[in-house]
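Right, one structure below, let's go through it.
The values are calculated or read from the model by the stated rules, or taken from the named source; none is laboratory data. Remember, predicted model here, so these are calculated numbers, not experimental data. So basically every Cβ, Gly included, is an ideal-geometry build from the backbone, and we count neighbours across all protein chains shown. Just so you know, the surface numbers come from the protein's heavy atoms only, side chains and all, with ligands and any DNA or RNA stripped out. Shrake-Rupley method; radii C 1.70, N 1.55, O 1.52, S 1.80 Å.
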Amino acid sequence: MMKHEAFTNFAETFNRIINKFTSIEKKPRDFGTGDLLYPSEIHNIEIIGRNPGINITNLAKALGVTKGAVSQIVNKLERKNLVEKFRDSGNEKEVMLKLQKKGKIAFNGHENFHAKFYSEIMGEVDDMTPEQILFFQNILDKIDKYVSIYMNK
């Protein structure tokens, strides 16, 4: 197979995956709280759950979205009693975030969802050599880099 043909096949597969994930992103799910949460909401919960005390700026960076987008989602999550905003006693200006009890339930439900979703893929990764893992990560990092450049044009 020529490199051009291989790249075309790779790009088509990658686009199919993106389209499928885009479809998934439109469907809300219940992660154990009785609330239907969109992927954008549960991903905010995921980052906050892994980083209690994170601020809006760092949450936006972690998710690769704007601070305005994160603020809107955090406000929704706060109204649903999933996330709490608080101020650090050492820095009264900075708003920090943590999960409320319901948010922790959603976080754990999301973790279980991912465990099931990725279990087969993890089996494949377990069979990879460290070199193969590094190679694949480098490809993903390069795709991420070029997508970021394209987004900013």
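Evaluate the following for Ile18: is it in contact with a His (Cβ under 7 Å, 6 or more places away or on another chain), in a helix (DSSP H, G or I) and of a type in the set (Val, Ile, Thr)? Criteria not met by Ile18.
Any chance you could count how many residues in the range 29-58 are within 26 Å of Lys93 (Cβ to Cβ), outside any loop (DSSP other than H, G, I, E, B) and polar (S, T, N, Q)? Looking only at that region, the number is 4.
With at pLDDT 95 or above, touching a helix residue (DSSP H, G or I) at 6+ places or on another chain (Cβ under 7 Å) and of a type in the set (Val, Ile, Thr) as the only criterion, which of Ile56, Ile105, Ile42 stands out? Going through Ile56, Ile105, Ile42 in turn, just one is at pLDDT 95 or above, touching a helix residue (DSSP H, G or I) at 6+ places or on another chain (Cβ under 7 Å) and of a type in the set (Val, Ile, Thr): Ile42. Remark: pairs (first residue in the range 90-102, open to solvent by 70 Å² or more (accessible area, probe 1.4 Å); second residue aromatic (Phe, Trp, Tyr); Cβ separation under 8 Å; 6+ apart in sequence or on different chains) = Lys98/Phe86. Within the option set Asn108, Asn44, Asn75, Asn55, being open to solvent by 60 Å² or more (accessible area, probe 1.4 Å) and at negative phi holds for one residue only, Asn108.
Which residue out of Phe86, Phe117 is modelled with pLDDT of 90 or more and either surrounded by 16 or more Cβ atoms within 10 Å (Cβ to Cβ) or not aliphatic (A, V, I, L, M) (or both)?
Phe86
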